[in-house]
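A.B. asks: Mind looking over this structure? Questions follow.
Each value in this text was obtained by applying a stated rule to the coordinates, not by laboratory testing. Since the model is a prediction, treat every value here as computed from it, not as a measurement. Note that each Cβ is placed from the backbone with ideal geometry, even for glycine, and that neighbours are counted across all protein chains shown.
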Amino acid sequence: MRVVNGRAVKWMLAAAAAALMSTSAQAQTLRVVMHSDLKILDPIWTTAYIVRNHGYMVYDTLFAVDDKLAVQPQMVEAWKVSDDKLVYTFTLREGLKFHDGQPVTSEDCIASLKRWAARDAMGQKLMEFTKELRAVNARTFTLTLKEPYGLVLESLGKPSSLVPFIMPKRVADTSPGTQISEFVGSGPFVFRRDLWRPGETLVYEKFKDYKPRAEPPSALSGGKHVYVDRLEWINITDPQTAANALMNGEIDLLEQPLIEMLPLLEKDKNIQVIDFNPLGSQYSFRFNVLHKPFDNPKIRQAALYALNQKDFLLAAINDPKYYKECKALFICGTPFATDKGFEDKLNSNFAKSKEILKQEGYDGTPVVLLFATDTNTGRLTPIVKSLLERGGFVVDMQAMDWQTVLSRRARKEPLNAGGWSGFMTAWVSADLLNPIVSSFVSGACDKAAIGWPCDAKLEELRDAFARTTDDAKRKELAEAIQVRVSEYPTHANLGQYNVPMARRTAVTGNLESPAPIFWNVRKKE
């Protein structure tokens with residue numbers, strides 16, 4: 001549903017309230033507008049952040065990162081590693097329950113990890129080094145390695161897409177290539193599927209049997225205390241209408257306001273504008289390497305020469321306070337940051353792009369761009385079209401909503417049968433801090449993320465990075481991997497940026513985190 005005016009917002013909120021008449025009239029409800037509607041509900045099936053955010057509402061994790069990105073136990077009560085660094089033993093906390101009342105067991109955890117690892121780049125790498133996952137008893141299981149691996153806990157505590165959420169075994173036994181149809185977790189909120197109105201409203205209720213950790217909350221770790229009875233995600237696609245709804249008190253929080261609206265929101269004494277993800281995000285253009293023209297790495301290099309970061313950052317952000325030109329795949333200001341391999345790329349050198357296309361015999365096969373018209377990132381797609389065309393490409397830009405992009409991009413069919421060549425997206429920086437966590441850097445062929453890059457040299461370098469615990473060696477390998485990506489492009493890094501959240505002053509307790517989370521949040525009536 002596309003909301004175009006304030007009356008429509010009020011109608012939708014009234015309709016949502018009517019649909020919820022069966023719940024207590026005294027229930028405290030937090031109403032938020034997220035960056036996208038939610039149609040896909042399986043957080044292991046897609047890397048889309050709206051689905052990840054849904055995952056954090058419903059599911060819990062074995063480990064989680066704190067506000068320093070240090071991995072902390074979450075569902076795990078205790079863990080130990082053998083002297084030879086090959087056997088990890090994990091014991092779950094007592095009293096963990098799923099929303100259907102069943103206890104969380106080791107078998108649930110093992111099945112969930114296997115399904116996650118089949119689709120996630122970091123999980124795949126962990127499983128390549130894993131000999132066995134075995135249940136010892138209902139609360140204890142072991143992970144046995146073939147050889148020492150330096151990123152076991154970092155993998156199990158991966159903070160963003162794809163997150164190793166724990167599901168009941170019967171659900172986790174679903175094929176990784178098939179979306180789950182039952183949405184039972186053990187997280188702090190219960191998803192009310194019976195009240196879900198696609199395109200309009202999603203409803204989550206406090207899970208009264210959730211058992212928070214004793215530690216204070218810190219980012220995605222610690223005690224997940226829920227202080228509201230119900231949380232509603234209201235879908236308002238028009239940015240101005242969403243901002244008006246926040247200023248009028250019709251909603252309580254706006255996840256991603258347009259940057260140009262921030263001055264207006266900041267002037268409102270009833271609204272706070274705060275950046276809860278200071279590490280920020282990175283724009284990205286993903287290639288599909290399966291079909292012409294991007295099956296040729298040299299032609300993908302031509303695209304890198306045609307593109308530049310500044311056009312995207314100015315169009316989307318237009319405030320130097322909130323953006324940074326940065327060619328480092330693994331995020332500027334972090335240990336693995338370097339421009340190596342990209343010094344001469346992403347500068348819109350159209351002559352160089354055309355020269356490469358001529359050398360490679362480019363035959364005019366159109367680049368099929370998936371254009372998501374309803375997200376801030378997707379709206380940058382016409383810039384991709386313009387720059388590629390100026391670089392000598394023929395471009396076919398096809399408009400659709402983001403949820404359709406999510407379904408379409410999973411398809412491997414040829415361009416003339418519903419396939420695609422590229423799309424715009426964005427990653428939070430926490431997903432990009434090293435070559436193992438970064439899904440778009442994988443060259444694992446059919447096991448790689450959408451786009452399916454296939455490069456043995458890239459995988460050899462990633463394996464070497466995964467094996468070592470030496471910081472100097474890791475830095476050297478991260479640079480070598482970035483250079484290889486410049487030779488065998490998997491995606492284009494189109495700059496770093498931050499988008500703060502806007503909330504009513506009656507709302508407090510949001511935590512700094514790579515993902516927007518709603519435990520610890522309070523609302524004054």
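A.B. asks: At a 10 Å Cβ-Cβ cut-off, how would you order ARG503, ARG119, fewest neighbours first? The partial results should precede the final answer.
C.D. replies: Values: ARG503 26, ARG119 19.
With the sparsest Cβ surroundings first, the list reads ARG119, ARG503.
A.B. asks: Helix-only estimate, please: 222 nm mean residue ellipticity of the chain, summing -39500 (n - 2.57) across DSSP H runs of length 4 or more and dividing by its residues, to the nearest 500.
C.D. replies: Values: 15 runs with 142 residues, N = 525.
Rounded to the nearest 500, the figure is -8000 deg cm²/dmol.
A.B. asks: Now for a separate question. Could you run the Karplus curve 6.51 cos²θ - 1.76 cosθ + 1.60 with θ = phi - 60° over region 84-101 and give me ³J(HN,Hα) per residue in whole Hz, x for Gly and Pro?
C.D. replies: Values, residue by residue: 8, 6, 10, 10, 9, 10, 10, 10, 6, 5, 6, x, 6, 10, 7, 5, 8, x Hz.
A.B. asks: Just to confirm the filter: which GluC sites (Glu not before Pro) across region 109-216 are DSSP coil and have at most 12 other Cβ within 10 angstrom of their Cβ?
C.D. replies: Values: sites: GLU128, GLU132, GLU154, GLU182, GLU200, GLU205; in loops: GLU182, GLU200.
For GluC sites (Glu not before Pro) across region 109-216 that sit outside H, G, I, E and B with at most 12 neighbouring Cβ atoms in 10 Å, the list reads GLU182.
A.B. asks: If you take every DSSP beta bridge whose two residues both sit in the chain, what share of them, in percent to the nearest 5, is antiparallel? Please report the intermediate quantities before stating the final value.
C.D. replies: Working: 55 of 69 bridges.
About 80 percent, rounded to the nearest 5.
A.B. asks: Here's a follow-up. What share of Cα pairs, in percent, lie more than 24 angstrom apart in region 281-497? Don't jump to the answer; show the numbers that get you there.
C.D. replies: On the way: 9023 of 23436 pairs.
Considering region 281-497, 39 percent of its Cα-Cα pairs are separated by more than 24 Å.
A.B. asks: What FRET efficiency comes out for GLU266 versus ILE40 if R0 is 41 angstrom and r is the Cβ-Cβ distance? Round to the nearest 0.05.
C.D. replies: Once the sixth-power term is evaluated, E becomes 0.75.
A.B. asks: Please arrange CYS332, CYS109, CYS445, CYS326 by how many other C-beta atoms lie within 10 Å of their C-beta, fewest to most. Kindly include the intermediate steps, with their values, before the conclusion.
C.D. replies: On the way: CYS332 17, CYS109 26, CYS445 13, CYS326 21.
Listed from fewest to most nearby Cβ atoms, that is CYS445, CYS332, CYS326, CYS109.
A.B. asks: Hey, another quick one. Test of the criteria: in region 182-215, which trypsin sites (Lys or Arg not before Pro) are in a DSSP loop and have at most 13 other Cβ atoms within 10 angstrom of their Cβ?
C.D. replies: Numbers: sites: ARG192, ARG193, LYS206, LYS208, ARG213; in loops: ARG192, LYS208, ARG213.
Those that pass, being in a loop and sparsely packed, are LYS208.
A.B. asks: Only loop residues by DSSP count here, and only those with at most 14 other Cβ atoms within 10 Å; note down the trypsin sites (Lys or Arg not before Pro) in region 77-111 that meet that.
C.D. replies: Details: sites: LYS80, LYS85, ARG93, LYS97; in loops: LYS85, ARG93.
Of the trypsin sites (Lys or Arg not before Pro), the ones in loops of region 77-111 whose Cβ has at most 14 other Cβ atoms within 10 Å are LYS85.
A.B. asks: Divide, for region 255-306, the radius of gyration over alpha carbons by 2.2 N^0.38 Å, where N is the residue count.
C.D. replies: On the way: Rg = 19.3 Å, N = 52, 2.2 N^0.38 = 9.9 Å.
For region 255-306, the normalised Cα radius of gyration is 1.96.
A.B. asks: Return the distance in nm (one decimal) between the two label points of a simple spin-label model at THR373 and SER82, each offset 7 Å from Cα along Cα→Cβ.
C.D. replies: Between THR373 and SER82, the simple spin-label model gives 5.9 nm.
A.B. asks: May I pose another question? Please give, to one decimal in nm, the separation of the simple spin-label points placed at ARG170 and GLU107, each 7 Å out from Cα toward the Cβ.
C.D. replies: 1.2 nm
A.B. asks: Counting Lys and Arg as +1 and Asp and Glu as -1, each charge on the Cβ, what is the dipole of region 60-180 about the Cα centre in debye, to the nearest 20?
C.D. replies: On the way: 16 positive and 16 negative charges, 45 e Å.
Once rounded to the nearest 20, the dipole reads 220 debye.
A.B. asks: Give, rounded to the nearest 20 debye, the magnitude of the charge dipole that the chain has about its Cα centre when Lys and Arg contribute +1 at Cβ and Asp and Glu contribute -1 at Cβ.
C.D. replies: Values: 66 positive and 62 negative charges, 86 e Å.
Roughly 420 debye for the chain.
A.B. asks: Which of the cysteines in the chain are isolated, no other cysteine C-beta under 4.7 Å?
C.D. replies: By the Cβ distance rule, which asks for a partner under 4.7 Å, the isolated cysteines are CYS109.
A.B. asks: Expressed as a rounded percentage, what relative contact order does the chain have, with Cα pairs under 8 Å and six or more residues apart?
C.D. replies: Numbers: 1161 pairs, mean separation 106.9, N = 525.
Here the relative contact order equals 20 percent.
A.B. asks: Order these by the 10 Å Cβ neighbour count, fewest first: ILE251, ILE40, ILE234. Can you show the working numbers first?
C.D. replies: Details: ILE251 25, ILE40 16, ILE234 21.
By the 10 Å Cβ count, ascending, the order reads ILE40, ILE234, ILE251.
A.B. asks: If you put +1 on each Lys and Arg Cβ and -1 on each Asp and Glu Cβ, how big is the dipole of region 314-443 around its Cα centre, in Debye rounded to 20? It would help to have the intermediate numbers written out before the result.
C.D. replies: Numbers: 15 positive and 14 negative charges, 7 e Å.
With only Lys, Arg, Asp and Glu charged at Cβ, the dipole is about 40 debye.
A.B. asks: Say the dipole of region 281-497 comes from +1 at the beta carbon of Lys and Arg and -1 at that of Asp and Glu; which of SER386, SER442, VAL289 then lies farthest toward its positive end?
C.D. replies: Going by the charge dipole, the pick is SER386.
A.B. asks: Report the gain in length on full extension from GLU413 to ASP319: 0.36 nm times residue separation, minus Cα-Cα distance, nm rounded to one decimal.
C.D. replies: Additional length available on full extension: 29.9 nm.
A.B. asks: Under 1.5 on a/c is rounded, so check that first for region 60-180, then, if it is not, pick prolate when a/b is larger than b/c and oblate when it is not; a ≥ b ≥ c are the square roots of the alpha carbon gyration tensor eigenvalues.
C.D. replies: Working: a/c = 1.30, a/b = 1.17, b/c = 1.11.
Taking the square roots of the gyration eigenvalues as a ≥ b ≥ c, region 60-180 is rounded.
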